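Read-outs throughout are calculated quantities, based only on the coordinates presented, and are distinct from any laboratory measurement. Quantities reported herein were computed from a predicted structural model and do not represent experimental measurements. Quick reminder, even Gly has a Cβ in these numbers, built from the backbone with ideal geometry, and neighbours come from all protein chains shown.
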Amino acid sequence: MSRLPQAAWWTVRRAQNRKPASYRCPICGGHLPSFSEHLLIAPEGDLARRRHAHTQCVLKARQRGELLLEDESAHGQPKPPKLWQRLLARLR
Ligand SMILES: [Zn+2]
């Protein structure tokens, strides 16, 4: 279902479109409107291969156990960074 490339872990950061470019979310294949708040995901920290993805799609992928963060794959103990807590709190 997910169209994400295989990666052991991902770098995730907040993104804000600063130019009127449109993107396609790699998780749902849907359109990302210009100037919408969304997330940038990069496989194994490779920013050259970063993709723009819907915040909701990233959160859903994480709920499915996809999109491990570097912390989670490097150490056995998943510890959600503050970013996730903030995002999840905002969506409730
Ligand atoms: Zn999406």
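Remark: spin-label model distance Thr11-Ala89 equals 2.6 nm, labels positioned 7 Å along the Cα→Cβ axis. Within the set of other residues whose C-beta is less than 14 Å from the C-beta of Arg24, count the net charge using Lys and Arg as +1 and Asp and Glu as -1. Charge balance in the 14 Å sphere: +3. For the chain, the mean residue ellipticity at 222 nm estimated from helices alone is -7000 deg cm²/dmol, where every DSSP H run of n ≥ 4 contributes -39500 (n - 2.57) and the total is divided by all residues, rounded to the nearest 500. Amide H to amide H, with H built 1.01 Å from N, Leu69 comes under 5 Å of Trp10, counting only residues 5 or more places away or on other chains. For segment 10-91, the C-alpha radius of gyration divided by 2.2 N^0.38 Å, with N the number of residues, is 1.08.
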